[in-house]
Structure formats: C-alpha cells, structure tokens
Amino acid sequence: MTSSAGQHGSAPPAAGLSLTDIGVLLAMQFMWGGSFVISKIAVDEMPPLMFVALRFVIVSALLVPFLRWHPGQMWNVAMISLFTGSLNFGLMITGLAMADDVAPVAIMIQLGVPFATLLSVVVLHERLGIWRISALGIAFSGVLVVGFDPEVFQYADALGLVITAALMMAVGTMFMRRVRGVPVYTMQGWLALMAWPPLLIASYFLEGSPVPVLTNIEYDWGVIVGLIWVVLGTSLIGHAAYYWIMQRHEVGLTAPFMLLAPILGAAGGAYFLGDVITWRMVVGGALTLVGVLIITTREGRRRPQPKLAEPSL
C-alpha cells in the first residue's frame, strides 16, 4: 500500500473506540488484507512492476487537483516516493509474484516497523528500552521460523525481496518524520506522480515492452479488478480512513487492528488461492506480529501522534 501524510487537527484524541471507529478500522483492514490476494491474482496475469506502475499512474491522475507545491518539503516528499513508492512496492509486489503463498509475504512486509526502530537508533540516535529490544528479538525470531520453513525456503529469493521492501519502507519512514503540513491527498498525489516513471523504466528493461500487455488488458479481469481494488479501496479510501482514525485516537488503541490486514491476507490466500499454511508460518507469523504490536504500542506512547500515516499496502 502507499503512505500518506498530513498535519493532524488540534482536537484531542477520543477516549475510546466507537462502533463507527471499529467499523472503519475493520473495513480498512479488509481492504488492505484483500490487496495481498487481489494483487497476487493480478500479477499472475501482468508483470508486477508494470502493475505497480499502472497503479501509481491512475492514482496520480485522480489526485492531480490536490497537488500543491510545498517549499522546503519537496526533497523529503521525493525521497518518500522513491523509498516507499518505487522501491518498497516494486520489490514487494515482485516478491509476491515470485512467492507460492501469500502468507509469508503478508507477514514479512510488516518488518518495516522493526527496521524503522533500528534505523531510528542509527540515524536519530534514539535509545531503546527493554520492551522494544525484546520486541525486536521476537519479531526477527519469527522471520527465522518462517524463513526456514521447507515450504517457504523453496522461494527464499521472493522472501528476500519482500524483506528488502520492508527495509525500504523503513528508510522512507525517516523522511516521513521530517514532513510538516502536507495534506494526505497532496502527499499521495506527489508520491504516485514521482513513483511511476522509475517503475515504468524498470519494467521496460526487466519485463519487456508494455505494449503487448496493455493492448490486451481489457481481457485480463484479474488485472482490472486488482487495479480498481488497490487504487480506490487501498490507496484512496483506505488511506483516507487511516488518516481519519489516527486524528481521533492514539496509536496504542488502534495498533491491534492494524495487524488484521496480514492475517486476513494470509487467510484469503489459503481460502481463495489454495495456499499452504504450515505450523511454522503460523508460529513465526505470530511472533513477528507480536513484536510489531509491542513496538508500535510503545512508540505510540513515546512520541506524539505521527504526522504521516504508514500503512503497508
């Protein structure tokens, strides 16, 4: 998924989750979790880099009215687009296309949170307490459990791309923290506009000419449905909902819901695509998600509400 930014309102966060809030959170996670399955179907019919590039082309076209130049912010915006747009999504969707199962991809991409914590120590010289150190150990131990699963080891190269994608997302997070005063759809518009040219160039050299694929796209319903889902459901509606929720509530209150997307993605892969779910995937995935939850909750207590939304799809 893309990331979005914006200045939060001055209203204090609500004390608890209302039924409306819970409904929005569940719908958002359904959209993001479904993206793993829908995207997997789409990239079986279209080269992955081309699919991601088309996603950003459409998003940027839809968000042209929201584009505004923000002096002093555009270098950070460009870096966010490069790392969280072109590199993160290009690597993740390529890994998804190469993987036999959705579950490991949906779990491993969550490593963006632990990676961001490690980078904050190296780049920002933050100090880690026992909780976050323990959480890092738990999260990465889960990676080892999943990675050495015989089923997953067969496509270890795909998993390597996804883990690298998570690292790229974490690098982008360093630039996200510097952004101030850029509204959500303005950020998404610039991110998409800057992300698709390098993706199209990479697709041309690595995947071949796009002409044969694009001339037959009207017959590829998996691609069409996939693009509609990731553009409208994931990028526009999902991220706007995330921003709305984060204005109203503290990170610690919403963090458990944010782990539903990879779980729903894994379940959807098993149900709709016949993916194999092994005990190592379950145990390793649970460890990784628990580590991510602890880090997210602890960091939500340490710093103010994030200026930038950081979803993974």
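Within region 244-269, the set of residues being surrounded by fewer than 21 Cβ atoms within 10 Å (Cβ to Cβ), in contact with a helix residue (DSSP H, G or I) (Cβ under 7 Å, 6 or more places away or on another chain) and among the small types (Gly, Ala, Ser) comprises Gly252, Ala255.
When residues in region 206-243 are screened for being in contact with a helix residue (DSSP H, G or I) (Cβ under 7 Å, 6 or more places away or on another chain), more than 24 Å from Val105 (Cα to Cα) and not hydrophobic (A, V, I, L, M, F, W, C), 2 of them pass. So Ser60 clears everything in (1) within 13 Å of the chain's Cα centre (by Cα); (2) hydroxyl-bearing (Ser, Thr, Tyr); (3) over 30 Å from Asp149 (Cα atoms) except one condition, right? Which one? Result: Ser60 passes all but (1).
Can you confirm whether Gly252 is small (Gly, Ala, Ser), under 27 Å from Phe56 (Cα atoms), outside any loop (DSSP other than H, G, I, E, B) and out of contact with any Phe, Trp or Tyr (no Cβ under 6 Å at 6 or more places or on another chain)?
On the way: small (Gly, Ala, Ser): yes; under 27 Å from Phe56 (Cα atoms): no; outside any loop (DSSP other than H, G, I, E, B): yes; out of contact with any Phe, Trp or Tyr (no Cβ under 6 Å at 6 or more places or on another chain): yes.
For Gly252, the condition - small (Gly, Ala, Ser), under 27 Å from Phe56 (Cα atoms), outside any loop (DSSP other than H, G, I, E, B) and out of contact with any Phe, Trp or Tyr (no Cβ under 6 Å at 6 or more places or on another chain) - is not met.
Pairing residues of region 217-243 that are on the phi < 0 side of the Ramachandran plot and crowded, with 22+ Cβ neighbours inside 10 Å with residues that are at pLDDT 85 or above and among the acidic types (Asp, Glu), at Cβ distances under 6 Å and at least 6 apart in sequence or on separate chains, gives Val223/Glu45.
The values are calculated or read from the model by the stated rules, or taken from the named source; none is laboratory data. No experiment lies behind these values; they were computed from the predicted model shown. Please note: Cβ atoms are built from the backbone with ideal geometry, for glycine as well, and neighbour counts cover all protein chains shown.
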